[in-house]
1. Using the Kirkwood formula on the Cα atoms of the stretch 213-280, what hydrodynamic radius do you get, in angstrom to one decimal?
2. Between helix 67-85 and the chain, what is the angle of the helix's C-alpha long axis to the longest principal axis, kept within 0 to 90° and rounded to the nearest 10?
3. Which distance in nm do the two modelled labels at residue 152 and residue 242 give, with both placed 7 Å along the Cα-to-Cβ direction?
4. If each residue of separation counts as 0.36 nm, what is the full-extension length gain between residue 234 and residue 265 once their alpha-carbon separation is subtracted?
5. As I understand it, the value is the acute angle between the Cα axis of helix 228-243 and the longest principal axis of the Cα atoms of the chain; what does it come to in degrees, rounded to 10?
6. Put a dot 7 Å past each Cα toward the Cβ at residue 282 and residue 217; how far apart are the dots in nm?
7. Under 25 °C and 0.890 mPa s, how fast does the chain diffuse according to Stokes-Einstein, given a Kirkwood radius computed over C-alpha pairs? Answer in µm²/s, whole number.
8. Ranked highest first by average number of other Cβ atoms within 10 Å, how do 86-94, 31-39 line up?
């Protein structure tokens, strides 16, 4: 990336343009595979950017864990991305981690930190036609109240129904994204948002887009499903432009994939979920 700024010499001569180079990667993390939806959106929107993705599969799922525990994990991973990989931005590609730790990470970290909650909320309140919107997420995300607060902060005249969907993440992590079992579970878990008559449903967990076909079947064709992945990618692009740290050198960006769990499984399932860009995975064990 090259960013121009005006420098004013101490000798009083005319100002000169200085080119600042910043080709550091974007760092991002999730409890496992869900954040790959955000990674896919970033790669498609910003193909020149380098990326380091950390999937904390050795400690997933985050949803049932306490917010304090998730906060500790998020802080640890963010420090690892900044200190070990010198990332210029951190994308918290996990709704549970964003709900638990986003403000803390922004306080602790000198680089921009982007979450997935606010971009998704802005999209869902803009898309609704009848003013009844739904959010589905993990137990931790829903109980944190993060989406309720974010929707309230928009001042949009909408009625919000939030529903926890325990079990969805585990299906995705096993690679079971369709089939009778997940469909039966979806019918039971989505009953509250179906009953509420929502016309727009935000998939408030980055794992859930992998179940979009099943969720759409249960919700019906008139309900719009909104994923925060694309909206988060647009926000990242805007921040890079506003701060002048977007990479502008020619060529395709490089992508590094790291897992704290089973590396072979991450590579196999990750490549199936993301695509050919996930062609190698590094392992990492927490001390």
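Each value in this text was obtained by applying a stated rule to the coordinates, not by laboratory testing. Since the model is a prediction, treat every value here as computed from it, not as a measurement. When we count neighbours, we look across all protein chains shown, and the Cβ atoms used for this are built from the backbone with ideal geometry, even at glycine.
1. Details: mean 1/r = 0.0643 Å⁻¹.
Across the stretch 213-280, the inverse of the average 1/r is 15.6 Å.
2. It works out to around 30 degrees.
3. With each label placed 7 Å out from Cα toward Cβ, I get 2.4 nm.
4. Contour length minus Cα-Cα distance gives 8.2 nm.
5. Value to nearest ten degrees: 20.
6. Simple spin-label model gives 4.0 nm for this pair.
7. Diffusion coefficient, whole number: 125 µm²/s.
8. On the way: 86-94: 25.3, 31-39: 29.4.
Final packing ranking: 31-39, 86-94.
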